[in-house]
Each structure stands twice: as C-alpha cells, then as structure tokens.
1. Could you order the peptides 42-53, 381-392, 113-124 from most to least packed, using the average number of other C-beta atoms within 10 Å per residue?
2. Using 1/(1 + (r/R0)^6) with R0 = 35 angstrom and r between the beta carbons of Glu211 and Gln169, what's the FRET efficiency to the nearest 0.05?
3. When ligands, DNA and RNA are left out and all protein chains stay put, how many square angstrom of accessible area per residue does the stretch 166-290 have with a 1.4 Å probe?
4. Using the Karplus curve 6.51 cos²θ - 1.76 cosθ + 1.60 with θ = phi - 60°, work out ³J(HN,Hα) for each residue of the stretch 771-782 in order, rounded to whole Hz, and write x for Gly and Pro.
5. Provide the per residue accessible area, probe 1.4 Å, for the stretch 690-736, rounded to a whole number of square angstrom.
6. Which residues in the stretch 368-383 place their backbone N less than 13 Å from a point set 7 Å from the Cα of Arg457 along the Cα-to-Cβ direction?
7. Give me the dipole magnitude in Debye, nearest 20, for the stretch 278-344 about the Cα centre, with unit charges on the beta carbon: positive for Lys and Arg, negative for Asp and Glu.
8. Among 822-835, 549-562, how do they line up from the highest to the lowest mean number of other beta-carbon atoms within 10 Å?
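The values are calculated or read from the model by the stated rules, or taken from the named source; none is laboratory data. Just so we're clear, the structure is a prediction, and the values are computed from it rather than from any experiment. In this analysis, Cβ positions are derived from the backbone assuming ideal geometry, glycine residues included, and neighbour counts consider all displayed protein chains. Accessible surface is based on the protein model in full, side chains and every heavy atom, while ligands, DNA and RNA are left aside. Shrake-Rupley method; radii C 1.70, N 1.55, O 1.52, S 1.80 Å.
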Amino acid sequence: MAITRAYYALILLMVQARVALAEEYSYRIPEELSAGKLIGNLASDLNLRGISPNLLFKIVSKYEGPPLVHVRNNTGELLTTQRRIDREQLCPESTDEGSGCYYEIQVVVLPNQFFRLIKVKILIEDINDHSPSFPSSVVNLSIPENMPVGSRFSLPAASDPDVGLNKIQHYGLSETGNAFTMEVIEGSDGEMSPQLLIRSNLDRERKDVYEMRLRAEDGGSPPRSSTALIRVLITDVNDNHPIFEQSQIEVKIPENTPLGTPVIQLHANDADMGANAEIVYTYSARVSPSARRLFQLDNRTGVIVVRGPLDREDVALYRLVILAIDKGPNPVPATATVTVSISDVNDNPPDITVHNIESAVNGVILLSEAAPPDTPIALIEVSDPDVKQNSKVTCHIEGNVPFQLKPAYQNHENQFLLETAGFLDYERQNEYHIKLMATDTGLPRFSSSATVTVRLRDENDNAPIFDKGIVEASIYENNAPGAEILTLSASDRDSGDNAQTVYFLGPKAPHIFRVNPRTGVLSATEPLDRETQSEYKFTVIARDGGDPTLESNTTIVIRTLDKNDNPPKFNNKKFDFFLSENLHRYGTVGVISVTDADEGKNALVTFSLVGNHDIFTINPVTGMIQSNITFDREQQASYTFEVQAVDAGEPPRTALAKVTIFIMDINDNAPTVLLPPSNASYRLVHPKVAPGTMVAEVLAKDGDTGINAELSYSIVGGNPFKLFTIDVHTGNITLQKQLSPEHQGIHRLVVRVNDAGFPESLYSIVLVNLFVNETIGNVSYVRDLIARSMKMPLNVDITGDGLAVSDINHYTIIIAMVAGAMVVVILVVIVVFFLRCRGSRAKNGVCRTKENENWLSPSQQDKKNKHRRKKKKRQQNQHGQVKTAPYSIVTIEESKADDPTYQTINETLEELEVDCRTIPRHNTFRPDGGTDSPDLAKHYRSTSPQAPVSPNGQTPPLSKNQNVVQELPAENTFVGIVGECNSKRSSTSSEHYSVSECSSQSGFRNTQHKAHSKQVLQIPLGVKSMPKLDHRRGLAVEPSHEETNRK
C-alpha cells in the first residue's frame, strides 16, 4: 500500500491517546419545552474545546419517529426539536417522582483521532400540565336509611398523570349540612381514596336525596382542580352490605401463564338472607380496559381468570379494583383491590441494535480503507426485555474479519463499540459482512444475530507507478514538428477517479517537448538541433485523479542523433599572422583553427590551400601552416591566400578562410643623440632666468620605423633640486624653479632616450651640462669642472661649483692615488691588445674579430641632421619660438682642435689597436641607483649584446645576419638596451600576441659616496668629449673625425 506503516502508526497513537473511550453526562429539562431551546453544550461541558477546533459531534441513537433533541455538529450544542416533549407520553409507567423519566441519546465525537462516545441522559421533569379528572362527572350513591352513623362509603377517586406535587394533593366536599362528611384514606402505593361518612341519622321520609360536589385539587403552581357531582339516594332499610374477607390482595403469576388459569377467587359475605345476601362481583370503573381484556372476573363466583396472553415486558403490574354488590334494595358495594404482579420468564431472545457512527447508505456502512486500527464504526446495543438472569447477554463476532467488539461503557454490559481490528486495504477486499451474535444466560438460552455490512471506500493510497525509473530514447535532429518519440505508461492500483492517470512534464522540462496527458505519448514540438543540445534529461509526472492527488515521476533521457547539417567553421573569417623577417625556411607560420558543430565522422575536417602555392604548405589534419622560403620584408611585406576546410560527412560540407601573413620589422637600432653635440659640452644659464624658460634641448633619431622609431626623453640623474624638467616628446629642457645663489655652478643632467621598439626597447644616455652663472669668466675652470665630473659615476649628482655633494678634496686625493695605478694598467692593456689583435688598424680605429668583422664601426655624422640642427637654431633666433632669458645663454662647445688639453677620446683611441676579445662583458648600468654600479671608465669598456629573439612555437629564431651591429650613434651618446628578454611569440589566429619574460640588467648601479679605484673614471682632464656606448654590446666608442670636425 502506498500509505506507509509509519503513517498508520501515527494515527494509532493518536487513537490510543484518547482521554476516555466513553462517558456519561446528564441534563435536566422540563417537559413541554419549546423548539430550539438550548439544553447544553457538550464541547464546553466536557472540556473538549482545547483538544481541537475541528471536532464533529454526531447523534447515533435510533428512535421511532422524529427525535426530541438534535446536536449541532460543529459546536456540540444540544437543542430541542419541533417534537412535543410530553413526559406522560414518554414515560407512562412513571407514576411517581422517584422513578424519573429519562430520554437517552448516544453522541460520538469525531474525527477518529479524537473519538469519544458520550451517553447523554436527559431527565424530563414534570410540570403541572394536567388537571385531576374523575371517571364520571356524576356519581350516584344509594344508602339505606338505617345505616348507622360513621358508616363509610367509597367515592370514585380522581386521576392525575402528573407526579410529585403536581398530582392530586387534596379532596374536598361541598357543604352538605350535618348528614355527611368526607375522609381521605391513603393506600400503601400512595393513592388517595376519598370516603363518604354518615355523620347523623338518616330519615328517608324527611329527605331522600342529597347532592354535593366532590373536588380534587393537585399541588401544582398554580394548582389545578376538578369536581364531580355526588348524588346520594336514601333508600329503605337494607340491614347488611357485603364485606370482603380481604380488601387488599397481592398475586404473582408468571408471564407465560396459560389462558384460563385462575389467578384468585374473591370472597365477600353478606349477613342478610335471601336476595339481600346474593352478591355480584364486578370491576370498578377505575380498572383499565387492557386489564379487563387480560383478566376475566366471574360475576357470580368472584374468580379472576387469565383471559389474554401476558407479557411482563409490556406490563409487569396490574391493579384490579373489585366491587361486591348484593341484590337487595339500595345495595352498598364493598371494595377490594387485587394487585397482580407478572413474573419474568426467559421468553425473549436478545435484541441487537446497530447505531452507525460512520455514514451509511441503505444500511451499508461506508468506511475509508485508510481508517487506522481501533476506528469505531458503530455502536452496538444488545438488550433483552427479560429481567435478572434472563436479561444478561453476551455478544461476539463470528468469522475472521478485521473487526472487533469492545465495551462502550464500564457500567453498561450490553453496549459495545464495533471497531476495526487491523489495517484495511480496498485493493485486497472492499466489502465485509460482519455477523454479530447475542446470547442471553436464561433457561433455555435464546440467541439472535445481526449482520453489519461494511463497504470500504477507496482512498487514493496508491500513486501511479511507471514501468521504469529511467526511460531512454533517441531521435535524429532536424525532425518534423510533432514527431513522436516514445509512449509512457503508468499503472495505479486504485479504482475510479483515483486510478485515472494524467501525464505532464516536470518543472524543468524543455518547452520543445510535449506529452499527451491521456495517452502518455511524448513528442517534440519543433525540430531538435544536436549542436545546440545533444541530450535532454527531464522528468515526466503521472498524477492520478484522487483527492488529494498522488503522483510519481520517471526520468526521461532523450539523445539527439547527429546529421551532417553544419559546415566546418573557422574561428575567424580572416586570419592575420605576423612574422619576423628572419624566419627560417620551413618554419612554422601559425595554426588555422576550425570547428565543426557536428560529431563523429561529420566533424572530421581536412585542410587544403586553394590554388597552387609553392611558398606555403598546410598540414591537412592539424591546420599548421609552414613556409617554404625565407622572408625579406623589404622585398615583400605581406602574403595572402585562402584555406579550405572539408568535413567527412555525407554530403560533405566546406568552408573557406582568408589568410594574410605580415612580415614584421625588428627593432635593431638604438636612438642616436644629435644634440647636445658632446657629453663635454655645456650651456650657460643665467641665475635670473625665469622658470619655464627652455635652457637646453636634447635631440635624437632612430634608424628603425614605426613604433621602433618613437622616442621618449627623461631625466634619470643629476637633478637633485628638481630644478629642470624635460619634455618627454620633444626633449626640450626647461627651468622649473627659480634659481638661487646656492645653485650656481655645474649641473650635470643624465638624460635617457628610449624608443618604443618591439619586442624590446633600446635606449641611449647623454650628459647635459648646465653652468649656472652670470658670465663665463674662466672657461678653463668650467672645462676643468666638466672634466672632473666626467670621472664621477653617473649616479652621483654633480651640482654647483663642487663636483658632488661630498667633499671634492676627498675625491681629488682618491683620484691622485689611483692615477698612478691606472697608468700601469693602461700600459698592460695596450700590450695585450697589440698581441691579440690580428687585423690591421682601421682608418678610424676599428676593432674586429674573427666571429664578426663588422663588430665595431665608427658612426658617421649625418649631414642632414647637422643641417636640421642649424636650421632649427636659426629659426629659434629669428622667430623667438623659445623663451628668451633676460641674460643670454651661452653654449660652450669644443676648444681648438689643436689644443692637446682638449684632445678628444676618439683621437686618443685612434692611436690604439685594441683586441676586442680582451674587453670584458659588463651589464649596463641602472639609473635606479643599484648598489654595485661600476665607474664610468668601466662602463665604457663594458659590453651589452642585444638578446636575440627566441621564437617559441610558430615563431622562428633570428638569423645570423641580424646579429650585425648597426651604424653607431653619435659620439656623445651612451647606448644601452632596456633588458635582455626571452621573447615568446605564437600566432594561432588573427590576433598577434607576444609574451616576454625579461630580466632587466641595464640601469645605474647605486655606488656608495666613498670613492675607490674601481669607481673612478680614468679619463684625462683634457678630454673634449665622452665616448659613446655601443647599443648592441654596451661598449664605449670614439666619435668619428667627421663629428669632431663638425663640433
């Protein structure tokens, strides 16, 4: 069953938790209560309101005719109905107040988890709604005139069905003179009998008729009364009247006494003789007609005989009033009362009454199959009209059915609850016929039976069940709309609406599927696309029509089968690859990427070049493009062709893509400084020059093109007071702050010129000397300052008249100490150069090696640059483009060429033939102030080869021809590279990208202020210009003769 045992156990615990299985409660109401009057509230009176707000009250008693009371189902209020409540009609045998008149009903409290059985006893209290009544309104009584005073004569008693104070409480006799009076005699049963007494002697001749009123009055409030006329006739003398031997007689006979059986014989005696002594027996008017029919009185013998069948269960006691009358004139009757008690015999079988608790149709109890054990379905009352031992009844169920009987009340043995004894299942058995057997304990025993039919009502306790928990199916893509995929089926063990199953898609099912709610056919409402989604996984729910509904689900897995409906698709319609012009033959150009949305063989793609191409080849599987030639950007800068991709589907589908290969230039030229003309040149700056005035300029060019030739300028040293600034684009140096007396003297600015080259940036360094003074009084002094500053490391700030912030004398002592040692070192170096250098001395002092003959070549002065510089200077003077200082700025260049004091480094180096192999490699200095920066002389002898481009993947390495050093920059320029980088470049699509992993080794080293021999630049004080640094190997190179002449 779908309802779990745990649910049943919970219900069972709730049933067992009832406070009491059954109980009694009593109410009192007066009779003749009008309809709709409240008798009581069971929910409040029994404290049931706190149990549950949804209690249901139901009367299960059965009575003939309409009920006297009804209960409101939701509140438990007991109310009177339209039926008249007449106590005398309900309880005719209740003639005294002590016996009471009760109206009983059985009320059950539902639902079953709060079940209670309540016996409600309603005591009907008597009201004075009846007046006393006489059997006759006129009573004739004959009395002989010779009756002595004090003689008694019985008068007819009035009757009143009320009880207690409401019954007859008083008799009265109207005024009769002195002849008669009245006495009331009360019998053992409480009945009042009025007696007429002779008060004085009677004389018929004087008065023969007396009339008086007998009045009967009850004790009600207000009292009710009635009267009867008593007419007394005075007759002639009748000396004696009959007298019963016993005036009160009690007889007990069994109820099965046969007809004709004498009950008793009455005897009355009369002392007269003759006709006056003949006695006639007759019933008094007070004897009921039913008693007259059951008992026959012989008028002559006084024998009472059973005339009709007796039934103690109908009437258990009869009171017979017998009159004995003689036949004389004016007879006076004698009265005797015979009380006949009917004793019980076991002549009645037990009676079984079924009061349905659950609803019933045509006598059939309808019970839910979900009812838990101990669910009461009917109240069984067994009764036996017999008494004592004959009325004791036992009851049981015959057969093996899941039902049981339990006593309803502890004090009532003949009331039982018919309950379920176990779990019910409509699907296993839906109807039961329960046979109840009742047997009394009399002799002989009597039994009776009753059958209770219980029909189970199907509950929706079984959910629909699919055959499989996971249903898999497949369908080819591009299907027709509405194509059926599969048919689902679920079974339900319930019946009727509970078994009516409908199908619908789960909450996450795609909208492109539809299921027929009745047939379970699953279909696709639109064409499927495997490339969009190859598998669908969702649930289908089967729900029955019960209340509440139950449902189950199954997982549907729909796989979309592929068709070759997609051509290959290139990642881009156009592929651009950028290659260095030094790519070797058969090098990898790049990889063409293509996708095919299909699968299997429909997605197998092969590549081919469209047309005949001898320059490039493509791998048909991987799409890798390779070159069959080497490239020269100057001959051809780009190549364009088409690539075709074909899949293996049926029919095959194709796609085309355009491929363009661009040959890239290499950044192999460092910037060449044109201005200032020499590192030893200087400019005069008047102390009163206004801030914002251009005081110097740096001009450079780059032999490369494009971004490789874009230059930027920056001051990297020698500006501790932030007096000067340089335009990053033009190289113009401008005074930024107002000069003060402490600023007078030499200011050496270290300017770096960077290009924006790719894959690595190259740079050159130039010294700009500014002499702050009103005039140049001693040129030799200024040159001496500059010469000494040339010996200082570049990371030392040269400002003012001194050489540095530190004590100049300190440096002078160090230089003097080292000078002697350096002379010896220079001589040793010259000897070594002569021994190792095998080539002849070049015209301009070129040093060559076996590995590369053009390793070092002198830089030629560009006449165009010289012309451009003169033209620019001329325009500045004519048009005033540069802000003019209040005092003229004098630019001091080289001295006379024949002055040996100012002999250039180029001229000095021309006399030497240096073996390049003896020059040690040295990392370029860093302007950031490294801790181990070399001195300037060591910097001149350092080497800084350019790191070759290291292709990775499809990028080929550089060729040997690209290791040749370009034409050297100007004589006054230090050249360095930004860093040595290992460049990684790959081209697999139209986007060109490069990843560089660089370890910068250039820049100035931070040198301690303390000077030592390795930090002093060994250059004569008379040198005219600084050597330049080879941008490829970091070497100091002399300026050419042409440059010297130009200067």
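1. Result, highest mean first: 113-124, 381-392, 42-53.
2. 0.90
3. Per-residue accessible area for the stretch 166-290 comes out at 57 Å².
4. 9, 8, 5, 6, 9, 9, x, 10, 4, 4, 5, 5
5. That works out to 41 Å² for each residue.
6. Counting only backbone N, you get 368-371.
7. It comes to approximately 180 debye.
8. 549-562, 822-835
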